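As structure tokens, the structure follows; a few thoughts come after it.
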Amino acid sequence: MLSDPLLVEAIETLFEPVAIRNNSDGDADARVREAFAEPAWNNPVVRIVDADRSDLAPRLHDDWSAAALVDAMVAARTARELAVPAWLRLVQEEEQSRRRGLERAVFAMGDKAEAG
């Protein structure tokens with residue numbers, strides 16, 4: 001998912017990314033997990049929250065696809081009434097198309113010199 005440079009760009013420029021470890025106890029990471037009622041040693045989750053720790057988009061916990069992440073980012077920007085860059089909307093459309101299944105068409109053209 002994070003191999004797409006446009007998704008990385010969106011995360012780094014439109015949001016404040018923070019990683020919280022889910023496999024440590026008795027430290028700052030554990031306190032943050034407890035505040036969000038996230039269990040230790042759980043599968044990874046993605047939360048997009050505001051400064052008050054209110055969710056701006058549904059918690060991602062079973063679907064870690066690029067499509068789910070970009071949908072959550074667009075939802076979060078929309079919830080805060082912030083502009084969604086056109087390039088991020090294009091990434092969203094591309095990822096939704098991949099999820100639905102893309103079809104491929106190949107078109108060939110002959111050289112004009114050969115046509116005559």
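The values are calculated or read from the model by the stated rules, or taken from the named source; none is laboratory data. Model, not experiment: these values are computed from the prediction. Because the Cβ atoms are built from the backbone with ideal geometry, glycine has one as well, and the counts that use them run over all protein chains shown. Ligands, DNA and RNA are excluded from the accessible area calculation, which covers all protein heavy atoms including side chains. Shrake-Rupley method; radii C 1.70, N 1.55, O 1.52, S 1.80 Å.
A few points about this structure:
- Of all the criteria given as (1) closer than 17 Å to Leu7 by Cβ; (2) over 12 Å from the mean Cα position of the chain (by Cα); (3) in a helix (DSSP H, G or I); (4) not small (Gly, Ala, Ser), the one not satisfied by Pro44 is (3).
- The set of residues in the range 19-59 that are among the aromatic types (Phe, Trp, Tyr) and surrounded by 13 or more Cβ atoms within 10 Å (Cβ to Cβ) contains only Phe36.
- Annotation note: of Glu103, Glu94, the sole residue that is open to solvent by 60 Å² or more (accessible area, probe 1.4 Å) and modelled with pLDDT under 85 is Glu103.
- Of residues in the range 60-85 being in a helix (DSSP H, G or I) and more than 25 Å from Gly101 (Cβ to Cβ), the one most open to solvent (accessible area, probe 1.4 Å): Thr78
- Listed by first and then second residue, the pairs with beta-carbon distance under 8 Å, at least 6 apart or on different chains, first residue in the range 3-19 and touching a residue at least 40 places away in the same chain (Cβ under 8 Å), second open to solvent by less than 80 Å² (accessible area, probe 1.4 Å) and β-branched (Val, Ile, Thr), are Asp4/Val91; Leu6/Val91; Leu7/Val70; Leu7/Val91; Ala10/Val70; Ala10/Val91; Phe15/Ile48.
- Number of residues in the range 11-35 that are under 26 Å from Val74 (Cα atoms) and outside any helix (DSSP H, G or I): the value is 8.
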